[in-house]
Amino acid sequence: MSKRQDLSAKQKCDLLKSYDVLPKISLRDAAARLNVSHCTLNRILKNRSNIERAIMVNECDSRKRKRAGKEEVVDKALKEWFLQVRKKDARINGPLLRQKAEDLAKKMGKDDFVATEGWFQRWKKRENISFIKTHGEQGEADFSAAQSWFKTHWTDLLSQYSPSDIFNADETGLYFRALPEHIYALKLDKAKGAKTSKERLTIICCVSMNGEKRKLMVIGKSQNPRCFKGVKTLPVDYKANKNAWMTAAIFKDWLINWDKELNRNILLLIDNCPAHIIDCINLRHIKVIFLPANTTSIIQPCDQGIIRTFKAYYRSAIRGKVLAMIDNGLHDASCSLQANDIAKKITILDAIHLAKEAWNKVSMKTIRNCFRHGGFKTDDKTDDKTDDEHEHSLPEKPVDLSDEVYGDWVDVDSHLDVAEIQTEEEICNAVMNPQTIERTNTDDEEENSETPLAPPSNKEIVEALSVLRRAVQHRADEIGFEQHYSYENMVMDTNLTNRLLETIG
């Protein structure tokens, strides 16, 4: 009887890569070519998803057998807690981790658990955690890990996927009503101060290496905001929970729905955000790869300028909308033009449409440049070699705002948390009850400042189109007329269809 072959996780991954490039042959012949037993190859193929996931989540790749500690739930809880505090760049040492392990164990009813030095060393090895010297916010450790990842992983991934099939996704918080804090006033005027509106959304942006943009997903606090009343469709995917954060449940749902749409295999690069949990889901077309910890600020494409460009266009659109509100309110004595009052008139529905327009304006060139700036380059010598990887097509900066004020406005929400922060009790509960269904906020109430607008009547639609036609006559050229005709026909066809459906109903 032949001796069982024990392979490390890395050896198993290398074996799977070699298997993937073999011609179509029997499993027995493939095993012979790869110099492993038929049973070993069969077992590895059956456990393929678990093996690849273990590498993705940074488990020790030299371990040959996955042995759990004496209290597996404590291992998992401590790992989740560690990931959360490291996300905040907290400095954690051995004694603190051992104490926290005992605290978590007690919360889970494991009163006899003792985090000995031996247990701690084995836990570190199992979870692939090392003790390193820090070098500041973007120190040598970050750059070293990034360079190592590109050397060991990127070339291999690029050989399996074309640039059009390599995507990056990342979340960003958005203060959707934020206005600049500086204004012009007469020297003798006393301008009233106004705090930046901190009503927020979370938006997930997803792009491919060749410039393709996925539909935005927007996460708000209310499942059914009043401004959505009567709205049939949105130009984005919309989800909600009480904090407007990305959660594991929302992320899994987003991944599964995208996977169902695909008819080709793609690679998705993401960071190790606490909400990016992909356990227990089988994706047919999407392979998820986690970027190395503490490197996303220097290599993640969305963080190299894609999200900031999107926000710059959004702020520009907000500015235009505010100016229009001011113009409309100048001759209305009952209309307040104070910053806070103007901001309150911007609804979530307005923000969604403005975000969609801003996303449309992020160019393919900007996206490709940000991938290259992060280090994701191909061997194609003609791949936009004349483009400057630092160049982003940003909207024109308002002349009345200084560089500092404009920059502060664009980046006002760059610090926002975008994922749920679990308490110790929630971590323990999730580890001990993995099937617990996450609760989401489905309350249809929202801020009192948002007043729903009634759907326009057929008469109002026709009158509005008439006003638009007059505007085109006075301000547009022949191309403008053609665009207006197309828009007018679309509106009238939609209106007719709805009237027919109402008659039938």
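Derivation of every value follows stated rules applied to the coordinates shown; laboratory data play no part. Quantities reported herein were computed from a predicted structural model and do not represent experimental measurements. In this analysis, Cβ positions are derived from the backbone assuming ideal geometry, glycine residues included, and neighbour counts consider all displayed protein chains.
Things worth noting here:
- Couplings 3J(HN,Hα) for the stretch 21-28, derived from phi with the Karplus relation 6.51 cos²θ - 1.76 cosθ + 1.60 (θ = phi - 60°), are 9, 6, x, 6, 9, 5, 5, 5 Hz, where x marks Gly and Pro.
- Annotation for residue 121 and residue 491: the two label points, set 7 Å from Cα along the Cα-Cβ direction, are 7.6 nm apart.
- When its C-alpha radius of gyration is set against 2.2 N^0.38 Å (N residues), the stretch 284-327 gives a value of 1.86.
- Under the shape rule built on the C-alpha gyration tensor, where the axes satisfy a ≥ b ≥ c, the stretch 228-296 is oblate, since a/c reaches at least 1.5 while a/b does not exceed b/c.
- Net length gained if the chain between residue 37 and residue 478 were fully extended (0.36 nm per residue, minus Cα distance): 151.4 nm
- Most tightly packed first, judged by the mean number of other beta-carbon atoms within 10 Å of their residues, the peptides 260-271, 23-34 read 260-271, 23-34.
- Gain in span if fully extended, residue 147 to residue 93, counting 0.36 nm per residue against the direct Cα distance: 16.9 nm
- Applied to the stretch 313-322, the Karplus parametrisation 6.51 cos²θ - 1.76 cosθ + 1.60 on θ = phi - 60° returns per-residue 3J(HN,Hα) values of 5, 5, 4, 4, 5, 4, 4, x, 5, 5 Hz, with x for Gly and Pro.
- Residues whose placed amide H lies under 5 Å from that of residue 419, excluding near-sequence neighbours: 246
- Amide H partners (placed H, <5 Å) of residue 240, local residues excluded: 220
- Shape call, the stretch 4-45: gyration tensor on alpha carbons, a/c limit 1.5: oblate
- ³J(HN,Hα) computed for each position of the stretch 470-481 - Karplus, 6.51 cos²θ - 1.76 cosθ + 1.60, integer Hz, glycine/proline x: 5, 5, 5, 4, 8, 10, 10, 9, 4, 5, x, 4
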